[in-house]
1. Which residue pairs have Cβ atoms under 7 Å apart, sit 6 or more places apart or on different chains, and have a first residue in region 130-146 that is part of a helix (DSSP H, G or I) and a second that is of a type outside the set (A, V, I, L, M, F, W, C)?
2. Right, Phe129: closer than 23 Å to Thr26 by Cβ and of a type in the set (A, V, I, L, M, F, W, C) or not?
3. Within region 205-235, which residues are farther than 26 Å from Ile44 by Cβ and in contact with a Ser or Thr (Cβ under 9 Å, 6 or more places away or on another chain)?
4. Failed condition for Phe51, given (1) of a type in the set (Phe, Trp, Tyr); (2) under 19 Å from Phe33 (Cα atoms); (3) over 16 Å from the mean Cα position of the chain (by Cα); (4) surrounded by 15 or more Cβ atoms within 10 Å (Cβ to Cβ), with all others met?
5. When both residues are 6+ apart or on different chains and their Cβ atoms are under 8 Å apart, which pairs have a first residue that lies in region 112-129 and is part of a helix (DSSP H, G or I), and a second that is open to solvent by 60 Å² or more (accessible area, probe 1.4 Å) and of a type in the set (D, E, K, R)?
6. Only one of these is more than 17 Å from Leu32 (Cα to Cα) and either over 23 Å from the mean Cα position of the chain (by Cα) or of a type outside the set (Ser, Thr, Tyr) (or both): Leu166, Leu211. Name it.
7. For region 126-148, how many residues are among the aliphatic types (A, V, I, L, M) and open to solvent by less than 40 Å² (accessible area, probe 1.4 Å)?
8. Can you list residue pairs whose Cβ atoms sit under 7 Å apart, with the first residue in region 49-69 being at negative phi and the second being open to solvent by 60 Å² or more (accessible area, probe 1.4 Å) and not in a helix (DSSP H, G or I)? Count only pairs 6 or more apart in sequence or on different chains.
Amino acid sequence: MDSYIIESIKKNSRIPARLDFLQSGTGLILGLFMWVHMLLVASIILGKGSFNFVARTMELAFLSDTGQGFPIAVFFAVFIVFTLFIIHALLGVRKFPISWKQHRIITDQMQMMNHSDTNLWYIQVVTGFIMFFAGSVHLYVMLTHPGSIDPYLSADRIISGNMWPLYLILLICVELHGTIGLYRLCMKWGWFSGKDARKSRKTLKALKNRLTIFFLTIGVLALLVFVVIGINHRDKVGERYNKHEPAVEQVRAEEVIQAEEQVPVEEQAQIEEHVQADEEIPAEGHEPEEAQPADVTHQ
C-alpha cells in the first residue's frame, strides 16, 4: 500500500515536466547562440580586419574613448553561456543510458526500429557527452582570458597552443548536436508543423541537413584560416593584431629601401677617403720626386 502511494505521488509530480521544459529552453538558447557565434567566428574568412572588428565590437569598443574595448563584457557573456551550458548538460544527463544494459537495450531497439529520429537522438547523446568535456575546456579558456579574442592571439592559441584538435572535435560535435537539437525541439513542441505533419517533418529535416552542411563548411574554413595565420605567426607568438599593420609595414618597407639605397653611397664615400689617404702618405723607403736632387752633367 505504501509503495502504491509513493508511486502515485511520483506519477503526479510536475517536476519532470518542468525539468524537461527547462532543458528545452536552455537548448534553444544555446542552439541559436551557436549559430550566431559560428557566423561571427567565420568573419576571419573575410580577413583579419573583419574578425578584429567583430571582436572589438563584442568588447563594446565603440563605447571606449581609446577604442580598446572592455574585455569584462566578454567575461560576463561567457559566464552566462557557461552557466546555461552546465545546466543544460546536467538536465540532459537524466536521459543518458547510465549502464551497459541500458545501452544494449537502446541500440537493439534502434536496429529493430531503424527510425531516423531515434538515430538522431543517439547522435545527440554521443556528441553531448563529448561536448561536456571539450566545451568546458573552451569556455574555461575564454572565461579566464576574455581579452584574448584577436586574429593573432586566437591563431596562436590554435597552433602554438596545440588546441586545433580540440577545436576540430568541438566544431563537429557542436554543429551536429545543436542543429539536431533545434530540429527535435520543433518536432517535440509542434513548431512549424502546419496542416500536414509528415510534410513538415520532411521539410524541417531537409532544412536541418542543409544547415548542418553550411555551418560545418564555414566552420572548417574558418579553422583552416586560423591555422594558416597561426603557422605564419609562430615567430611572433603573443603579439596582438594592429589594424594599422599594413600601413606600418609599408613605412618599414620604404625605410628599408631607403637604407639599401644609402649604403652604396656611404661605401663609395669611404672608398674615396681611403684613396685620398693613400695618396697623401708616401710609401716606405721612397722619397717624393720633388725631394730628389737634379742630375749633374759631367764636364
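1. Filtered contacts from region 130-146: Met131/His177.
2. Details: closer than 23 Å to Thr26 by Cβ: yes; of a type in the set (A, V, I, L, M, F, W, C): yes.
So Phe129 passes the test.
3. Lys205
4. Failing condition for Phe51: (3).
5. From region 112-129, the pairs are Asp117/Arg184; Leu120/Arg184; Trp121/Arg184; Gln124/Arg184; Val125/Lys95.
6. Working: Leu211 fails: more than 17 Å from Leu32 (Cα to Cα).
Leu166 is the lone residue from the list that is more than 17 Å from Leu32 (Cα to Cα) and either over 23 Å from the mean Cα position of the chain (by Cα) or of a type outside the set (Ser, Thr, Tyr) (or both).
7. Applying the first criterion (among the aliphatic types (A, V, I, L, M)) to region 126-148 yields 126, 130-131, 134, 137, 139, 141-143.
This time we only want the ones that are open to solvent by less than 40 Å² (accessible area, probe 1.4 Å), so: 131, 134, 139, 141-143.
Residues in region 126-148 being among the aliphatic types (A, V, I, L, M) and open to solvent by less than 40 Å² (accessible area, probe 1.4 Å): 6 in total.
8. Listed pairs, sorted by first residue: Gly49/Lys243; Asn52/Lys243; Glu59/Phe70; Ala61/Gln68; Ser64/Phe70.
The values are calculated or read from the model by the stated rules, or taken from the named source; none is laboratory data. Because the structure is a prediction, the values reported are computed rather than measured. With ideal geometry, Cβ positions are generated from the backbone for all residues, glycine too; neighbour counts draw on all protein chains shown. Heavy atoms of the whole protein, side chains included, go into the accessibility calculation; ligands, DNA and RNA do not. Shrake-Rupley method; radii C 1.70, N 1.55, O 1.52, S 1.80 Å.
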